[in-house]
Amino acid sequence: MTSSSPAATLVGRFLVAAPSMPDGRFQKSVVFVCKHDDDGALGIIVNNKVDDLPLGQVYKQLGIDGPKAAALQPVLFGGPVETARGLVLHSADYRRDETMLIEGGLALTASLEILKDMAGGTGPRQAWLALGHSGWSPGQLDREMQDNAWLVVDADPTLVFDTDLEAKWQRVLDRLGGKGGGSGGKFDPAFYSHQVGRA
């Protein structure tokens with residue numbers, strides 16, 4: 001685990017599903033925490049995509065002319081809450097009135113305008129469109145932390161926007177390195193599952 005207590009804010013950090021994660025919707029997921037306070041928490045899964053829905057198709061459905069490169073860019077499955085709602089997790093070089101700034105140089109915006117700006121080349125330098133988000137009611141995430149469902153890892157934009165979604169869970173865990181009992185800087189999930197049990 002980390003030195004952060006469950007009561008501390010987790011904004012701007014990764015929640016990484018522990019190997020013992022009981023909720024199948026979150027197994028091997030990496031969640032970037034955008035909000036965490038007395039009202040609950042909100043995060044975006046940054047290593048799970050919506051199948052067969054590239055960004056270019058979203059633009060087409062919305063009647064937006066987008067660049068050819070968008071045709072293949074994945075759209076993230078941000079989590080099981082409000083799965084029809086789009087949120088854009090992006091670099092903080094772009095902001096609108098409704099943009100929520102997040103520690104660590106990132107931001108979250110939910111508007112059609114940001115998609116138009118992204119398609120037109122005037123949007124943020126880096127961005128993911130996510131459908132849905134991960135949400136926790138007040139105290140829920142703290143309880144899940146106490147149940148060892150999540151590991152907390154410091155986040156950085158490089159990993160948030162890394163397009164190798166398949167390898168991201170292991171790459172983020174590897175940042176824990178020796179803390180997980182792994183060798184050569186690798187995090188060994190088997191070691192973790194033997195060492196951590198439920199209280």
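The values are calculated or read from the model by the stated rules, or taken from the named source; none is laboratory data. Keep in mind that what you see is a predicted model, and the values were worked out from it rather than measured. No Cβ is skipped: glycine too gets one built from the backbone with ideal geometry, and neighbour counts run over all protein chains shown.
When residues of the stretch 28-42 are filtered for being in a strand (DSSP E or B) and more than 10 Å from the chain's Cα centre (by Cα), how many remain?
5
Any residue at all in the stretch 178-190 that's at pLDDT 90 or above, in contact with a helix residue (DSSP H, G or I) (Cβ under 7 Å, 6 or more places away or on another chain) and either of a type in the set (S, T, N, Q) or surrounded by 15 or more Cβ atoms within 10 Å (Cβ to Cβ) (or both)?
No: the stretch 178-190 contains no residue that is at pLDDT 90 or above, in contact with a helix residue (DSSP H, G or I) (Cβ under 7 Å, 6 or more places away or on another chain) and either of a type in the set (S, T, N, Q) or surrounded by 15 or more Cβ atoms within 10 Å (Cβ to Cβ) (or both).
Listed residues Gly79, Gly121, Gly86, Gly104; which is touching a residue at least 40 places away in the same chain (Cβ under 8 Å) and loosely packed, with under 13 Cβ neighbours inside 10 Å?
The match here is Gly121.
How many residues are closer than 18 Å to Ala18 by Cα and either among the hydroxyl-bearing types (Ser, Thr, Tyr) or at pLDDT below 85 (or both) when one looks only at the stretch 160-177?
So the answer is 2.
Go through the stretch 19-39 residue by residue and tally those that are more than 20 Å from Lys168 (Cα to Cα) and surrounded by 15 or more Cβ atoms within 10 Å (Cβ to Cβ).
Final tally of qualifying residues: 2.
Could you check Arg25 against (1) in contact (Cβ under 8 Å) with a residue 40 or more places away in the chain; (2) more than 16 Å from the chain's Cα centre (by Cα) and say which number it fails?
With respect to (1) in contact (Cβ under 8 Å) with a residue 40 or more places away in the chain; (2) more than 16 Å from the chain's Cα centre (by Cα), Arg25 is out only on (2).
Check Thr122 against each of (1) at pLDDT 95 or above; (2) under 15 Å from Phe32 (Cβ atoms) and name the one condition it does not meet.
So the condition that Thr122 fails would be (2).
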